[in-house]
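Encoded as structure tokens, the structure appears first; notes follow it.
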Amino acid sequence: MLELLKTRRSTRKYKDLQVEKADLDKMLKAALLAPSGKNIMPLEFVVIEDKETLLKLETCKHPGAVALKTAPLAIVVIGDTEKSDTWIEDASIASILIQLQAEALDLGSCWIQSSKRKSQTGENSEDAVRKILDIPANYGVLNIITVGHKDETLKAYDESNLNFTKVHYAKY
Ligand SMILES: Cc1cc2nc3c(=O)[nH]c(=O)nc-3n(C[C@H](O)[C@H](O)[C@H](O)COP(=O)(O)O)c2cc1C
């Protein structure tokens, strides 16, 4: 587990190669296995493989959506805001599980934030994503997770990156 956590880095450049269906299914299984507050399971996932739509989604976040320029796949993580008051926490857990499963398959991934962010035109990023993907208004859009075969090499973390001064024992 620690090796996987050290190796996972945000990949923003992908090869022009599709992600295998079996690998996509594994990432979706990881997402669907995520725990949720009160076990309400308010999350849904929108899988995008169409290049034109991926490029449209790039305009929904500015800056910081460069990963969508080359990604062959994105999973949009949404939660029913009327069903649960922990949908953001739930969606965050599912997101990192998708990213870790991607890394376990030697695929790169990147979290592109929508919640509390703006689009290229200054519009609310969540509204922009909802419009493009026909997502109902009661669903919050936490992020867009891009996935693909890595076309850049980022250094894995090692023990020297771990800041143990952030850890407090017994009292702050
Ligand atoms: C809540 C959250 C929001 C993020 N938003 C973006 C984003 O909008 N665009 C982006 O390219 N990366 C985004 N990232 C990725 C971070 O920039 C990245 O995880 C961080 O710089 C550490 O790098 P690493 O993932 O390679 O360890 C986000 C990550 C998190 C956890």
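Here Glu152 passes the criteria (1) over 27 Å from Glu3 (Cα atoms); (2) surrounded by fewer than 16 Cβ atoms within 10 Å (Cβ to Cβ); (3) within 11 Å of the ligand (Cβ to nearest atom) except the one numbered (1). Is it the case that Lys69 is without any contact (Cβ under 8 Å) to a residue 60 or more places away in the chain and either open to solvent by 50 Å² or more (accessible area, probe 1.4 Å) or among the hydrophobic types (A, V, I, L, M, F, W, C) (or both)? Criteria met by Lys69. The number of residues in the range 1-55 being of a type in the set (Ser, Thr, Tyr), over 27 Å from Ile132 (Cβ atoms) and not in a helix (DSSP H, G or I) comes to 0. Being within 15 Å of the ligand (Cβ to nearest atom) and not aliphatic (A, V, I, L, M) holds for only one residue in Lys116, Lys83, and it is Lys116.
For the range 89-140, give me the residue count where each residue is acidic (Asp, Glu) and open to solvent by less than 20 Å² (accessible area, probe 1.4 Å).
We begin by selecting, within the range 89-140, every residue acidic (Asp, Glu); these are 89-90, 103, 106, 123, 126-127, 134.
Now drop any that are not open to solvent by less than 20 Å² (accessible area, probe 1.4 Å), which leaves 90, 103.
Qualifying residue count for the region: 2.
Residues in the range 1-27 that are more than 16 Å from the ligand (Cβ to nearest atom) and either under 13 Å from Thr146 (Cα atoms) or hydroxyl-bearing (Ser, Thr, Tyr) (or both): 5 in all.
The values are calculated or read from the model by the stated rules, or taken from the named source; none is laboratory data. Not measured: the values here are computed from a predicted model. Note: ideal-geometry Cβ built from the backbone for every residue, glycine included; neighbour counts use all protein chains shown. When the accessible area is computed, the model is the full protein with side chains, heavy atoms only, and any ligands, DNA or RNA have been set aside. Shrake-Rupley method; radii C 1.70, N 1.55, O 1.52, S 1.80 Å.
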